[in-house]
Structures are given as structure tokens and as C-alpha cells.
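Below is one structure, written out as C-alpha cells, with a few remarks after it.
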There are 2 protein chains.
Amino acid sequence: MIDLLSQMRFATKPQLFQALSEESLGVLLGHSFLQDVPANKLLLQQGDTASHLYLIAEGSLRTFRVDKEGREATIRMLQAGNTCMEAVMFMGGPSPINVQAVTPSRILFIPEKAVKAQVLADSQFATNLLRIVAHHYKNAMHQIDAMNIKSPVQRIGYYFLTRHIEAGHDHLDFELPFQKQQISNYLGITPETFSRALKQMKDLGIDVDNQTIKLRDAFSLCHFCDPDTAAMCPKQGSAGCTACKNS
Amino acid sequence: MIDLLSQMRFATKPQLFQALSEESLGVLLGHSFLQDVPANKLLLQQGDTASHLYLIAEGSLRTFRVDKEGREATIRMLQAGNTCMEAVMFMGGPSPINVQAVTPSRILFIPEKAVKAQVLADSQFATNLLRIVAHHYKNAMHQIDAMNIKSPVQRIGYYFLTRHIEAGHDHLDFELPFQKQQISNYLGITPETFSRALKQMKDLGIDVDNQTIKLRDAFSLCHFCDPDTAAMCPKQGSAGCTACKNS
DNA sequence: CGGAGGGTTGAGATTCATCAACGCGTGTGG
DNA sequence: CCACACGCGTTGATGAATCTCAACCCTCCG
């Protein structure tokens with residue numbers, strides 16, 4: 001049971017398990033199991049019912065929707081420590097999304113029944129789930145307004161900014177977590193447009209060499225900041241950030 | 001306290017209060033209050049902290065984001081019985097959205113503290129919130145793939161379809177719940193494009209006269225159906241629906 | 001009667017997707 | 001060890017689609 005956890009080496013504790021009691025954790029993991037999946041494996045398709053919650057131990061997944069013409073719209077890109085299907089379980093009805101491994105991955109499968117039972121039994125777990133789903137929803141909001149009103153350069157800039165803040169914000173260089181074509185689909189643009197936009201961003205002090213992003217200075221990305229993203233920024237309100245000064 | 005509820009005449013019980021005990025309901029309503037707000041009133045802005053959950057007793061609201069150039073992206077359009085800010089309260093940090101009355105409205109304000117306390121105290125309430133936020137997230141997913149891969153006609157068609165299913169699906173005529181310019185912004189297109197798309201839809205048996213939509217037959221909208229939307233459809237799998245037959 | 005707001009229609013400009021070709025690095029098999 | 005194919009990314013030319021700007025109609029209301 002509990003040694004399932006020790007098999008997974010997380011840098012930081014997954015949000016799903018935050019502040020849970022040993023007991024609660026035990027119940028959740030009681031019927032769970034780890035499984036290795038190869039790249040491109042479809043874990044679940046639109047229309048299936050969500051039988052398990054997926055927690056990524058290693059690797060990366062994406063969730064996406066497909067239409068009749070076969071075009072795909074990426075909803076999320078997820079890495080180790082992230083979870084998915086928590087929201088779908090509470091939507092009622094079949095899954096609106098596909099889930100696919102983008103790299104070879106090791107996934108923890110937690111049965112739907114265990115999740116739903118534990119929501120009723122442990123209010124801390126319920127709160128964790130609420131926070132996680134709310135967080136997904138917030139990201140979705142950003143995606144929506146990005147696709148409505150932002151140019152490709154702005155979308156990419158905002159994407160880089162959030163990655164930079166997540167990465168700790170302390171280096172001028174950081175890595176793209178996924179392939180460019182995956183990212184461009186997530187942002188709702190073609191790889192070609194993505195590539196062309198990157199060239200434009202050099203003038204703004206943002207240089208992309210292969211998978212690494214190189215910033216001219218720590219505030220190169222401030223240009224793309226939002227009021228509500230600024231609140232997450234360790235440098236918020238500091239003198240160098242032109243964007244923060246305005247707000 | 002409880003007679004706050006009697007002041008509000010809901011057609012169906014709001015999802016927020018579904019299956020709650022009298023006691024739990026009393027705690028929630030204990031510190032709540034009703035307030036009338038005029039059309040166009042901003043209840044809350046991006047960057048504010050969410051102090052209350054809003055439940056619409058009468059009227060309609062919209063939530064949206066604005067960028068520096070002043071362009072607006074509508075996230076949700078809500079009517080009587082709907083709630084908002086439940087998700088924002090669990091996001092941490094300031095609100096990523098503005099909330100505005102689109103018509104003169106009567107709103108029930110439920111304090112944030114009461115909500116968070118009740119989530120810990122009442123697992124039924126926590127489940128309700130999870131379901132609501134998951135439902136918002138599902139809608140957001142649909143918005144995302146609509147803006148990624150669907151043409152204006154398809155977006156509008158899907159919007160009409162969901163309204164039709166919500167409306168009970170039993171009439172060939174039904175009303176648009178909002179102004180066309182509000183709907184077009186919600187769908188991420190301009191009013192002009194919206195208007196032009198409506199003309200194209202006449203060929204598909206969908207006629208819009210002012211605020212009322214007139215369908216040639218009960219299956220005119222099936223063309224725009226998704227696998228996961230079909231599951232909500234009372235007519236699913238029936239002979240007349242070409243879309244359902246495929247799946 | 002006149003103004004304001006919502007909605008429609010038309011012409012033009014812009015932007016992004018599409019299609020096609022090519023460079024480059026990697027892995028594989030001869 | 002080399003040749004080749006493959007996947008990813010880039011670049012260029014083209015076209016289609018939507019946004020923008022502008023004018024107009026209609027209804028509602030003072």
C-alpha cells in the first residue's frame with residue numbers, strides 16, 4: 001500500500017495528497033496500482049467513463065479533444081506530480097477528453113470509487129480536489145481569453161512567463177517542458193506560426209535555442225503579465241518590472 | 001435566515017443547495033444577504049479578492065477578462081439559479097475575472113468564510129461545489145476546442161444545441177437567453193460574423209428571427225453534436241438523429 | 001420627431017492556416 | 001562506417017477566413 005508512494009520519487013508532494021492523514025492516504029492507495037505506459041498510448045478516449053484518477057509518477061501526458069474532421073485541441077499538458085480525470089469524475093456522463101502519454105510514463109491509477117468515497121469521508125481531500133479542479137479551471141480561463149484576444153506572440157509570451165514563474169524564476173535560462181508542436185497545439189496555433197512568432201520575440205529579449213529559452217534580463221517577460229498572474233510572481237512590485245508598476 | 005430562500009422563486013432548486021440538510025442551509029444563509037444591482041454594474045474586478053459567492057435570484061450576469069487594449073473575452077453567461085466565484089475562492093490569489101450584471105438583477109451574496117467553513121463541515125456541500133466547478137470546467141473545455149478547431153457556424157450550432165437540450169428539447173422554437181452581441185463575444189467572434197453565420201444556417205434548417213430560434217425539425221441541430229453531449233440528449237440513439245447513429 | 005442602441009450588410013485589410021520544400025539531428029540497417 | 005529514412009523544426013509562397021471600418025435599417029423611448 002503505502003510503499004507505492006516510496007516507489008515514486010516526487011520533487012514536491014503532489015497537490016492531491018497535500019496535508020492528508022496517513023489513514024486517508026492508506027485508503028486511497030489501497031486499491032491503487034502503478035503501471036508503465038509507452039509513448040503515444042491512449043489511456044482513455046472521449047466517450048469512455050472515467051474509472052480511475054491518474055497521477056503521473058514519471059513522464060508526461062496530455063488531454064485533448066478531437067472533432068469529426070480529426071483535428072485535435074489540447075486542453076492540458078501534464079508532468080510528474082500532476083493528476084487528471086478528477087474533474088471528469090464529477091461532471092457526470094462520459095469523458096469529454098482523450099488522455100494520451102506523450103512520453104513513456106509511469107502512472108498511478110486510483111479507482112474512481114476510492115476517490116468518491118474519500119471525498120465524503122475526508123474533507124481535507126475534498127478541499128484538495130476543489131483546489132485542483134479550480135486551478136484547472138483558472139488555466140482554462142487563461143486559455144480562453146488567450147485564444148479570443150491575444151496574438152500568437154502574446155500567447156507564447158504568457159506561456160513562457162508562467163513556466164518561468166513555475167521554474168522558480170531565478171535563472172535567465174530555462175527549458176521548454178514539451179516539444180514545440182505540442183506546445184503550439186496547446187496554444188491553438190500551428191507549428192509554423194509558432195516558429196515565426198519566436199523570431200519576433202528576439203526583439204523583445206527572448207531567445208529560444210532548441211529547447212532552452214534565454215532571457216536578456218529578468219524582466220523580459222513582464223510585458224506579458226496579467227494582474228492575477230502578477231500576484232503569483234516573486235518579483236511583484238519590484239522596481240525593474242514595468243508591468244507591475246502600472247497596477 | 002431561511003426565508004431568504006422563500007424570497008427567491010426558483011423554477012428548480014439551485015445546484016448549490018441540492019440535497020443539503022436544513023441545518024447546513026441555515027448556516028450558509030445565516031450571514032448571506034440579497035441585493036439588487038442595476039444593469040452593467042460591475043460586481044467585482046480582475047485583481048479583487050473574492051469575498052462572496054454570488055447566486056443569481058433574478059436577472060443575468062457575465063464573467064469576463066479584459067486585456068490591456070481593453071478587449072473583452074467572456075468566460076461565462078449566467079442566469080437565475082447559477083452561481084459564480086465558487087471556483088475563484090479555491091484558486092488562491094486574486095480573481096482572474098470581472099463579474100458584471102447584464103440585466104437588472106437580484107443577487108444572493110454568500111460570504112466566503114461561510115462557504116469555506118461549510119465545505120469542511122458538510123461533505124454534501126463539498127460534493128455540490130465539486131460538481132459545479134467540474135461542470136464549469138467542462139464548459140470551458142468545450143469553449144477551448146470550439147475556438148481552436150470549429151468554424152463560426154459550428155460554434156453557434158453547438159451553442160444552440162446545448163440551449164435546446166437545456167430548454168427541455170421539446171419545442172421546435174426556443175429563445176436566445178442573451179443579446180446577440182453578448183453571445184458572439186462569448187463565442188469569440190464579432191457580431192458581424194455572428195450575423196453572417198446565421199444566414200448560412202438557414203440552409204441547415206435553423207432560422208433565427210429576432211430572439212427566437214426556429215428549427216425545421218427536431219434533428220436540425222444533431223449535426224453539431226459531440227459524443228459527450230449526446231449522452232445528455234433525451235433523444236440519443238433515436239432513429240431520426242443521424243449523428244447519434246454513427247457513434 | 002429625433003436620438004440611441006442593437007443588428008445587419010458591404011468593401012477592404014490583415015492575419016493566420018495551408019501547402020510545399022528544405023535543413024538538421026538521430027537512429028537503423030546494410 | 002556509411003547511407004538512408006524519419007521526425008522535428010524552419011522558411012517561403014499562397015489563399016481563405018475573419019476582423020475592421022463604415023454605412024444603414026429598425027425599434028424603442030423620451
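The values are calculated or read from the model by the stated rules, or taken from the named source; none is laboratory data. What you see is a predicted model, and the numbers here were worked out from it, not measured in a lab. Every residue, glycine as well, gets a Cβ built from its backbone with ideal geometry; the counts of neighbours run over all protein chains shown.
Against the test of being at the interface with chain A (Cβ under 7 Å from one of its Cβ atoms), small (Gly, Ala, Ser) and surrounded by 20 or more Cβ atoms within 10 Å (Cβ to Cβ), the options B:146, B:126 yield a single qualifying residue, B:126.
Looking only at residues in segment B:86-107 that are touching a residue at least 24 places away in the same chain (Cβ under 8 Å) and part of a loop (DSSP other than H, G, I, E, B), which one is farthest from the other protein chains (Cβ to nearest Cβ)? Applying the filter and picking the extreme gives B:104.
One line per residue, one yes/no per condition, for (1) within 20 Å of the chain's Cα centre (by Cα); (2) within 15 Å of DNA strand D (Cβ to nearest atom); (3) outside any helix (DSSP H, G or I):
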{"residue": "B:148", "(1), (2), (3)": "no, yes, no"}
{"residue": "B:155", "(1), (2), (3)": "yes, yes, no"}
{"residue": "B:163", "(1), (2), (3)": "yes, no, no"}
{"residue": "B:178", "(1), (2), (3)": "yes, no, yes"}
{"residue": "B:192", "(1), (2), (3)": "no, yes, no"}
{"residue": "B:196", "(1), (2), (3)": "no, yes, no"}
{"residue": "B:214", "(1), (2), (3)": "no, no, yes"}
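For segment B:176-190, a residue qualifies if it is within 12 Å of DNA strand C (Cβ to nearest atom) and of a type outside the set (Ser, Thr, Tyr), and the qualifying residues are B:176, B:177, B:178, B:179, B:180, B:181, B:182, B:183, B:185, B:189.
As a summary of the residue check, residue B:113 satisfies the conditions (1) assigned to a loop (DSSP other than H, G, I, E, B); (2) loosely packed, with under 15 Cβ neighbours inside 10 Å; (3) modelled with pLDDT of 95 or more except for the one numbered (1).
Which of the residues spanning segment B:181-196 are closer than 20 Å to residue A:146 by Cβ and either among the hydroxyl-bearing types (Ser, Thr, Tyr) or free of Cβ contacts under 8 Å to residues at least 12 places away in the same chain (or both)? Steps first, please.
First, pick out the residues of segment B:181-196 that are closer than 20 Å to residue A:146 by Cβ: B:184-190, B:193.
Hits for segment B:181-196 are B:184, B:186, B:190, B:193.
The residue that is nearest to the other protein chains (Cβ to nearest Cβ), counting only those in segment B:60-71 that are at pLDDT 95 or above and farther than 19 Å from residue A:134 by Cα, is B:61. Evaluate the following for residue B:95: is it surrounded by fewer than 18 Cβ atoms within 10 Å (Cβ to Cβ), closer than 22 Å to residue A:129 by Cα and modelled with pLDDT of 95 or more? No. In segment B:191-208, the qualifying residues are those that are surrounded by 13 or more Cβ atoms within 10 Å (Cβ to Cβ) and more than 9 Å from DNA strand C (Cβ to nearest atom), and the one that is farthest from the other protein chains (Cβ to nearest Cβ) is B:207.
Conditions tested, residue by residue: (1) within 14 Å of chain A (Cβ to nearest Cβ); (2) part of a helix (DSSP H, G or I).
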position: B:12; (1), (2): no, no
position: B:16; (1), (2): yes, yes
position: B:19; (1), (2): yes, no
position: B:25; (1), (2): no, yes
position: B:29; (1), (2): no, yes
position: B:35; (1), (2): no, no
position: B:39; (1), (2): no, no
position: B:43; (1), (2): no, no
position: B:49; (1), (2): yes, no
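Does residue B:155 satisfy the criteria of being over 21 Å from residue A:226 (Cα atoms), within 12 Å of another protein chain (Cβ to nearest Cβ) and touching a residue at least 40 places away in the same chain (Cβ under 8 Å)? Before you say what the answer is, go through the steps one by one.
Numbers: over 21 Å from residue A:226 (Cα atoms): yes; within 12 Å of another protein chain (Cβ to nearest Cβ): yes; touching a residue at least 40 places away in the same chain (Cβ under 8 Å): no.
Here the answer is no, as residue B:155 does not meet what is asked.
Kindly establish whether residue B:188 is under 22 Å from residue B:60 (Cα atoms) and either crowded, with 19+ Cβ neighbours inside 10 Å or within 15 Å of DNA strand D (Cβ to nearest atom) (or both). Yes: the conditions hold for residue B:188.
Does residue A:211 count as more than 14 Å from chain B (Cβ to nearest Cβ), under 29 Å from residue B:64 (Cβ atoms), surrounded by fewer than 19 Cβ atoms within 10 Å (Cβ to Cβ) and within 16 Å of DNA strand C (Cβ to nearest atom)? Show your work before the answer.
On the way: more than 14 Å from chain B (Cβ to nearest Cβ): yes; under 29 Å from residue B:64 (Cβ atoms): no; surrounded by fewer than 19 Cβ atoms within 10 Å (Cβ to Cβ): yes; within 16 Å of DNA strand C (Cβ to nearest atom): yes.
Taking the combined requirement at face value, the residue does not satisfy it.
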